[in-house]
Amino acid sequence: MSDEIKLEGLGIAPGVLDTIVTVAVEGIDGVAAVGAAGLAGLVQKGSRKGSSRAVDVSVSDDGAISVTVHVQVLYGHRIKDVAKAIQEVVADAVTSQVGIDIAAVDVYVDGIVFVE
C-alpha cells in the first residue's frame, strides 16, 4: 500500500491511526463530533482529501508524528479546555497503541453544536 505510514520499520495503514484518534476524541466530554460540519450540518467523516479530512496523521522525515483533528464542540463547554483534553488524550492513545511519541496535536474547532 503506497499510503502506508512507516514508523521505525513498521508499516501502518493511515486508517488505523485515524481510528485510534477518532475513538479517543469521541470519548471526551464536550466533543459533539469529530469532523467538520458540511452541507446541512452533516459531519464529513469519510472524506480523505485536504482540510476537509476529520483526522490527519503525518510523519516527518525524522519520524516525528503530527496529528491534526477537526472537531465540533458542544455549546457550554470551554473550547480551550476541550482542545487541551483532545491533545492529551490523542497523545496518550497513539503512544499506548503504537508505541511512538507524538510531536504535535493540532486541534481545529470547526463549529459549536447547540443542544435542543
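The values are calculated or read from the model by the stated rules, or taken from the named source; none is laboratory data. What you see is a predicted model; the values in this text were computed from it and never measured. Ideal geometry is used to build each Cβ from the backbone, glycine not excepted, and the neighbour counts take in all protein chains shown.
Structure summary
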item: Total residues in the stretch 53-79, condition surrounded by 17 or more Cβ atoms within 10 Å (Cβ to Cβ), touching a strand residue (DSSP E or B) at 6+ places or on another chain (Cβ under 6 Å) and not β-branched (Val, Ile, Thr); result: 4
item: Selection from the stretch 25-53 of residues that are modelled with pLDDT under 90 and of a type in the set (A, V, I, L, M, F, W, C); result: 36, 37, 39, 40, 42, 43
item: Candidate set: the stretch 92-106, residues that are of a type in the set (Val, Ile, Thr) and part of a helix (DSSP H, G or I); chosen: the one surrounded by the fewest Cβ atoms within 10 Å (Cβ to Cβ); result: 95
item: Condition met for residue 6 (on the phi < 0 side of the Ramachandran plot, modelled with pLDDT under 80 and surrounded by 13 or more Cβ atoms within 10 Å (Cβ to Cβ)); result: no
